[in-house]
Structure formats: structure tokens, C-alpha cells
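For reference, the structure discussed in these notes is given below.
Rule-based calculations on the coordinates, nothing more; no lab input. Just so you know, these numbers come straight off a predicted model, no measurement behind them. Ideal geometry is used to build each Cβ from the backbone, glycine not excepted, and the neighbour counts take in all protein chains shown.
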Amino acid sequence: MIAIAGSKGGSGKSTVTLGLAEAFARAATPAIAVDADRQLPNLHVMADLERRPTVADLDRTVDITDVAQPLPRESDVGIVPAVTSAQSFEFDGLGEHAVDGHQLLLDCPSGAGPDVVDPLGEAEGAIIVASNTGRSLEAAETTIEMARRLGVPIYGVVLNRCTAVPDAVSRWSGVPILGCVPEHPSPLLNDEVRAAFDRIVETLTTQSPSDRAPPEATGGTLPTGTVELDARLDGGLEPGSIVALVASPASQAEHLLYRASGVRGTLYLSTDRSRDAVRQAIESASSGGTPPTIRHVGGEDALESTRSLVDKLPDAANLIIDPVDALERRDRRAYAAFLDALRERILETDGLAILSCLDDPPANRAATLRAADAVFELETVSGGPGTDIEHYLSVPKYRAKAGFSETIRLTFDANARVGPIEPPTRFD
């Protein structure tokens, strides 16, 4: 299962998906192309096929070929349209419907949010699509970094509407160049374009396992400021990570936020408390370290205000949103667009975002949990009168270590140590 991905809209992912599917078929390997774009599905339009059945109809069948419509000009290519607005589908079960001997291709949406993470994270490998523009190449680098965070091997990059490899691409480390696809008004009907896709498929089929090895992470981890947690995480979380911290209002989860805010430069966005209230709470907690920059975001334009502040995040900074529930109650599309922007900025800056989630979830909580690279759940346990209150942190989701399943006991006393202090970051 190969994800065809690229953060820049208009780079030609759908064209490349269809071109590769047809090239696989010409090489005697039947192919199924699945439209994974929930917001702007167009694979069926390009193929001149019906809108239904969709990938969501796989819930009622076993074989993906049962819902795939054959491509009129190539019967060994099947097309599966994306879900409709009234449907839902989780890509973690797609592999169960795969058919031996068929090549499965996922046409991913643009952006860097949860709608991209879902299919990309389930793929066995990724092909990055870019064109020869500065914005497209920068977006491709973001997609490469996303795949690295998800542990998905990069099979290579396809340069669409190009006749030569741009200099910037030649400098990408560990990213094979699969080939260039020339520009043409009707690319999928042009012999030169078809030949380019045939060469790309030939390159793919001759790659060695080492060519497809996941790129190694570079740089160190980012401590959370909670020693017990950082010790289990081998020092902290990877730069560019988004964390969802789920807890009840009475759990003292804010101590985790305060500790994180003291480790490095932090923008602390509160949706339900004033700046002074947050500042006083942090000072009372004696978490030490660099004081955060605190802002209150509220009212009807809370989501827009938050996004504006996120766009200004400096490199290697923390972002804390406490709690994120108020933003989750906004329109689904608007909130999904915000998560896309957050993902892109956190990756771009090698920062760390912590979204505090109360345990009475709003409608869009699922989008938050999908976007998160790690989900922390804090539980407070009391044995009754005269007994100590204990705090336990479980990690049901951690993309960097899929097998991580520890429950960690935390202490919130005033003498608890915080992680190493990094140089402060300036916020304008």
C-alpha cells in the first residue's frame, strides 16, 4: 500500500496516482487507486466514473475489488472514490481489504493535518509529488518530514510537470528521485507521459529494501519537563510533535503543562483563564525555568486568533493550548484547517505542541486525537480519607514507538525536579 502525498494542493497527486496505477497495469500488476481526500475528492471525476460506491462501503464487504470501478481505458485499474460528507472511514482497517497481487495506491489530500496523517500513517511507503515551484518543493519537504515522524519509508519523489530535477531536490538527503513527468494538456493520454510513468514503476520494482528503509530521525528529543515521563521517552518527544493531554479538570494535569512551559520558550494560550490567572498559577506551582508568554484567546474569533499566533511561532518553541475544548467546538472544517496549519508550523519550527483536552469531549475531539503524535491520559486515584492521591499517566498512542504501553506514576510535589532547561526563545 503506497501513499501518494504532497502538502501543496495542485501539485498533481491525483494525476500521478492514476498514471502510476495505469503503469502498474501495463507491467502486468493490477492496481487499485483509492481516493483518500475527504474534503476535495476528485479521483472519480478524473477517471470519469460514478461517485459511489466509496471506500466507506468496504465496511460491508471483504474484497476491495468489490467496490472498485474499472477504469474505462485500462480494465486492470480499479478506482475507489473517497467518502461522502455523510460517511466516515478509518484507514487503519484498509489493509484488511487488500487483494494479493494488486498494487494499492492511496491518493492523499494536500496539507499536513489529520486527514493526511490517517492514510499516510497506514501506508507501507510514500511517494512524494512535487512540481518545480518554491512553494511546492517546500511543501514536499514538509510531507517528507511528516512521513519520517510517522515511520513511513520514502520510496522516492516524482517531479510532476518537470523535464529536469530541480537543484533543491538533488540536495534532499535519503530521498530517491523516481523520475520526472513532463507537462502536457492531457497527460494520461500522452505517450511521452505514459513512458515516464512506466520508467518510474520500473524503478520502484527494482528498489532494494535498503532503498526503502525509513529515514532516520535527526537531532535530539524535546524534554517535557516531567522527569518520570522523559525517562520513559528516552529523553523526551521528537521535535515537530503534537501531544493531546486528556484529563479531568480535577486531575492536576495543569502541572504537566506548567513544567513543560519552563523547559524552553513557550507560548501558553488559555481559552478559559486570564493571563494573570495563568501566570499566578505557574508561579504558585514553582515549576521554575523560563516564564512563558501567556495569551488569552476567547470569543467568536478564538480559532482565528489562535491560528494567527501559531503562524508566528519561532523555532524550537513550545505551544500549549489550555484547554483546546473551546476550539474543538467550532465548525469541523474550520477546526480541521486549524489542525492542518498547526501541524505544518510545528513541523517547520521543530517545536512541540501540547493540547490540553478535558475528559468531556466536544464533537471534534476525534480530529484532535487523530492529529496527535502522542496521546497522554492522566488519571487521579484516591484510596479514600487519610490516603495519598496518586497520579498515573498512560500513553495509548505514541507514533514514534508503536509498542509503547507503559503506565507511569507521577508526583506533583513542590520538590519534584524538572527536565534540563534550554535557552529561552523570544516571542514578539
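The fewest-to-most ranking of S274, S7, S251 by surrounding Cβ atoms within 10 Å reads S274, S251, S7. Charged side chains reduced to their Cβ positions (Lys and Arg at +1, Asp and Glu at -1) give the chain a dipole of some 760 debye around its Cα centre. Whole-Hz Karplus values for the stretch 223-228 come out as x, 8, x, 9, 4, 4 Hz, taken residue by residue from phi with 6.51 cos²θ - 1.76 cosθ + 1.60 and θ = phi - 60°; glycine and proline positions read x. Each of P41, V99, V55 was scored by the projection of its Cα onto the charge dipole of the stretch 6-102, and the greatest displacement toward the positive side belongs to P41; charges sit on the C-beta of Lys, Arg, Asp and Glu. Per the Debye formula on identical point scatterers at the alpha carbon atoms of the stretch 117-246, with no solvent, log10 I(q)/I(0) at q = 0.11, 0.13 Å⁻¹ is -0.49, -0.64. Taking amide H atoms as placed 1.01 Å from N in the peptide plane, the amide H of V246 lies under 5 Å from those of C357, F376, E377, L378, each 5 or more residues away in sequence or on another chain.
Using the Cβ-Cβ distance between R279 and I389 with R0 set to 25 Å, the FRET efficiency from 1/(1 + (r/R0)^6) comes to roughly 0.45. Which residue, A281, A317, A68, has the most motion in a Gaussian network model of the chain that connects Cα atoms within less than 10 Å? Result for the chain, Cα springs under 10 Å: A281 fluctuates most. Considering only D359, D35, D388, the Gaussian network model of the chain with Cα springs below 10 Å gives its largest mean-square fluctuation to D388.
With each label modelled as a point 7 angstrom along the Cα→C-beta vector, the D92-D360 pair spans 2.7 nm. Take the chain and mark each of the GluC sites (Glu not before Pro) that is in a DSSP loop with at most 16 other Cβ atoms within 10 Å; the longest unmarked stretch, sites excluded, is 301-405. Rounded to the nearest Hz, the phi-derived 3J(HN,Hα) couplings of the stretch 150-166 under the Karplus curve 6.51 cos²θ - 1.76 cosθ + 1.60 (θ = phi - 60°) are 7, x, 9, x, 8, 6, x, 10, 10, 8, 8, 6, 9, 10, 9, 7, x, where x marks glycine and proline. Relative to the longest principal axis of the Cα atoms of the chain, the long axis of helix 302-311 lies at roughly 80 degrees.
Bridge orientation summary for the chain: considering DSSP beta bridges with both residues in this region, about 25 percent are antiparallel. Mind checking the angle between helix 332-349 and the chain's longest principal axis? C-alpha axes, 0 to 90 degrees, to the nearest 10. On a 0 to 90 degree scale, this one is about 80.
Taking θ as phi - 60° and the Karplus parameters 6.51, -1.76 and 1.60, the scalar couplings of the stretch 89-94 work out to 7, 9, 6, 5, x, 5 Hz in sequence order, x denoting glycine and proline. Here the stretch 227-364 is assigned +1 on the Cβ of each Lys and Arg and -1 on the Cβ of each Asp and Glu. Its dipole about the Cα centre then comes out at about 200 debye. Temperature 25 °C, viscosity 0.890 mPa s: under these conditions the Stokes-Einstein estimate for the stretch 278-369, based on its Kirkwood radius over C-alpha pairs, is 174 µm² per second. Each 10 Å bin from zero holds the following percent of Cα-Cα pairs in the stretch 227-410: 9, 38, 39, 12, 1.
The Cα center of the stretch 126-181 and the Cα center of the stretch 85-103 differ in position by 25 Å.
Between amide H atoms placed 1.01 Å from N, distances below 5 Å from G125 occur with A3, all of them 5 or more places distant or on a separate chain.
Going toward the positive end of the dipole of the chain, with +1 on Lys and Arg Cβ and -1 on Asp and Glu Cβ, which of L309, A195, T142 do you reach last? Of the candidates, L309 comes out farthest on the positive side.
In terms of overall dimensions, the C-alpha atoms belonging to the stretch 23-85 reach 35, 26, 16 Å along their principal axes, ordered largest to smallest. Helix 13-26 versus the longest principal axis of the chain: what is the Cα-based angle in degrees, 0 to 90, to the nearest 10? It is inclined by approximately 50 degrees. Rounded to whole Å, the principal axis extents of the Cα atoms in the chain read 75, 48, 42, largest first. For V99 and D315, what does the FRET efficiency come to when R0 = 45 Å and r is the distance between their Cβ atoms, rounded to the nearest 0.05? That pair, V99 with D315, gives E of 0.50. When the trypsin sites (Lys or Arg not before Pro) in the stretch 22-93 are filtered for DSSP coil states and for at most 14 other beta-carbon atoms within 10 Å of their beta-carbon, the remaining sites are R51, R73. Calculated mean residue ellipticity at 222 nm for the chain: -8500 deg cm²/dmol, from DSSP H runs with n ≥ 4 weighted as -39500 (n - 2.57), summed, divided by the residue count and rounded to 500.
From the residues L237, L369, G265, which one has its Cα farthest along the dipole of the chain in the positive direction, the dipole being from +1 and -1 charges on Cβ of Lys/Arg and Asp/Glu about the Cα centre? Projecting each Cα onto the dipole axis, the largest value belongs to G265. If you take the alpha carbon atoms of the stretch 1-130 and fit the smallest convex hull around them, that volume is 94 Å³ per residue.
A Gaussian network model of the chain, with springs between Cα atoms under 10 Å, assigns the largest mean-square fluctuation among D76, D66, D230 to D66.
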